[in-house]
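This report concerns only the one structure given below.
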Amino acid sequence: MPNDEDLLDMISDWNRTYLRLANRLILEDQRNGARIFGFSDEMTTLIGNLTPSQIDELASSLELVCQLHTGPASIFADILH
């Protein structure tokens, strides 16, 4: 079972991965990146303008900086069966 430090490391890794992916997709195709993540125009601009050091700073937060946006349950059902 993970201890508190392990959990904080996992949160930091998740935040960093999520923010890097969002930033990259927004920079490649702003409209599609925003659609994939469900971001508002304001959030799309903010994340698209993050520098790598800002991403690392946000990633080290003690809280998740994102919300998981899942598709329909049928996607999971199709994959798992």
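Data for the structure
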item	result
Pair list, Cβ under 7 Å, 6 or more apart: region 1-12 residue assigned to a helix (DSSP H, G or I), other residue surrounded by 10 or more Cβ atoms within 10 Å (Cβ to Cβ)	11/64; 12/59; 12/60
Filtered residues of region 15-72 (kept if surrounded by fewer than 17 Cβ atoms within 10 Å (Cβ to Cβ), farther than 24 Å from residue 4 by Cα and hydroxyl-bearing (Ser, Thr, Tyr))	40, 45, 51, 53, 70
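Read the figures in this text as sums done on the coordinates, not as results from a lab. What you are looking at is a predicted structure, and each value in this text was computed from that prediction instead of being measured. Quick reminder, even Gly has a Cβ in these numbers, built from the backbone with ideal geometry, and neighbours come from all protein chains shown.
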